[in-house]
1. So is residue 103 farther than 28 Å from residue 133 by Cα and not aromatic (Phe, Trp, Tyr) or not?
2. Here are some conditions: (1) touching a residue at least 12 places away in the same chain (Cβ under 8 Å); (2) part of a helix (DSSP H, G or I); (3) polar (S, T, N, Q). Residue 215 meets all but one. Which one does it not meet?
3. Answer yes or no as to whether residue 161 is in the same structural domain as residue 76 (by TED's automatic domain parsing), free of Cβ contacts under 8 Å to residues at least 12 places away in the same chain and closer than 26 Å to residue 225 by Cα.
4. Taking residue 13, is it closer than 30 Å to residue 231 by Cα, crowded, with 19+ Cβ neighbours inside 10 Å and touching a helix residue (DSSP H, G or I) at 6+ places or on another chain (Cβ under 8 Å)?
5. Pick from region 67-102 the residues that are surrounded by fewer than 16 Cβ atoms within 10 Å (Cβ to Cβ) and assigned to a loop (DSSP other than H, G, I, E, B): which of them is farthest from the chain's Cα centre (by Cα)?
6. Those residues that are part of a helix (DSSP H, G or I), under 20 Å from residue 123 (Cα atoms) and touching a His at 6+ places or on another chain (Cβ under 9 Å), I need them from region 5-27; list them, please.
7. Of all residues being at pLDDT below 95 and β-branched (Val, Ile, Thr) in region 1-21, which is nearest to residue 144 (Cα to Cα)? Just the residue, please.
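The values are calculated or read from the model by the stated rules, or taken from the named source; none is laboratory data. No experiment lies behind these values; they were computed from the predicted model shown. So basically every Cβ, Gly included, is an ideal-geometry build from the backbone, and we count neighbours across all protein chains shown.
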Amino acid sequence: MPFSDIRCVNHSLNLVAQHMVVPLDAHSLELLPVSKQLEKVSRIFKLAQIISGGLRGNVNACQNLSRLPALPIETRWMNGLKCLKDIIILSDEISLVIGMLPTKVRSAHHELFNESLKVAKSTLLVMEPLLDYNQLYQTQSEVTLHLVLPTYKLLETRFNSLLSGKFDDVSLHDLDSICSETVDALSRSGLAVLPHYYEEFDSVHFAAVYISPKTKKMLSFSCSERQKAKSYILSLLLQEIRLPVTPKPIKSSSSVSKLLSLVSDVYESEHVDALSNESVEDYWKSRRNVYPHLFDVALKVLSVVPSESVCESAFSQAAFLLDKRRTRLSYLKAEYVVLGTQLTNKYPELLP
């Protein structure tokens with residue numbers, strides 16, 4: 001599979017968030033009973049963006065805030081959700097400066113905090129983890145490909161728990177501020193849309209889960225998904241291991257398959273401390289001589305960047321460097337600048 005075809009996880013998460021609020025056509029009939037509640041959530045996002053834009057456009061108001069809320073831009077990933085989170089966090093500070101803002105902003109503030117606060121808090125209860133995951137994959141400060149599919153499994157578990165009324169991360173005195181109808185609607189729409197985007201991920205994502213020592217048993221995955229991971233790893237082993245030339249290639253392939261089976265049994269049976277802080281990178285560095293063939297596969301699989309967002313940020317920095325030097329480079333050299341920017345962001349010790 002060409003790596004250029006890999007699904008960007010940030011884009012996928014954004015689409016999950018978007019279609020939790022505005023369902024896909026395929027789910028519109030199924031979610032018709034909760035459509036009114038989802039429209040309220042959509043309205044909440046719009047109000048948060050109006051308030052955020054009004055605050056950022058007023059210098060005096062900005063001076064009285066400990067930090068600025070998210071800039072309202074429709075094309076940014078989960079922008080409405082991010083604005084809502086910031087507005088709720090800054091609510092006490094905003095109430096002190098709301099009089100400085102235009103009528104439209106004051107009206108939006110009144111509607112959000114006096115008429116729809118329960119809906120707003122319930123929306124964050126269900127959807128805030130999406131922001132956290134989005135941030136994780138955008139920063140790319142560590143290897144994260146092996147976390148992509150477990151992220152979707154965790155979201156599915158969360159939505160099911162909320163749908164069954166288990167609000168484990170809500171204190172008892174905050175339960176009165178939760179709108180159960182909103183939680184129910186968003187959880188239902190989340191469970192409807194998750195499989196749609198989960199199916200867009202490919203074999204390399206399943207292989208990454210298997211390659212990660214803490215998730216290697218893939219207990220939350222089906223037999224076919226575990227087989228998909230091993231089949232992909234086998235295909236990489238066939239490329240990595242230089243077998244002797246033989247008139248019977250099927251036999252050679254069978255030999256590699258037996259090797260994988262043997263190594264896998266040892267790898268899977270090895271005890272791993274689930275509470276250990278050892279990263280997947282450090283694990284494979286320490287096991288290079290223990291599982292040499294699997295190490296080569298792990299190196300190839302985990303080197304895949306799961307998100308385009310890190311490349312986008314690198315492009316902006318690279319563009320600044322190119323413009324600053326007024327250079328005219330071929331596209332290939334420009335790509336080297338982009339790659340170099342990404343590497344030095346992650347490994348600053350490379351800088352002279």
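1. Working: farther than 28 Å from residue 133 by Cα: yes; not aromatic (Phe, Trp, Tyr): yes.
Yes, satisfied.
2. (2)
3. Details: in the same structural domain as residue 76 (by TED's automatic domain parsing): yes; free of Cβ contacts under 8 Å to residues at least 12 places away in the same chain: yes; closer than 26 Å to residue 225 by Cα: yes.
Yes.
4. Details: closer than 30 Å to residue 231 by Cα: yes; crowded, with 19+ Cβ neighbours inside 10 Å: yes; touching a helix residue (DSSP H, G or I) at 6+ places or on another chain (Cβ under 8 Å): yes.
In short, yes.
5. Top of the filtered list is 102.
6. 15, 16, 19, 27
7. 9
Each row is one residue, and each column tells you yes or no for (1) within 30 Å of residue 300 (Cβ to Cβ); (2) part of a loop (DSSP other than H, G, I, E, B); (3) modelled with pLDDT of 95 or more.
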site: 136; (1), (2), (3): yes, no, no
site: 142; (1), (2), (3): yes, yes, no
site: 160; (1), (2), (3): no, no, yes
site: 176; (1), (2), (3): no, no, no
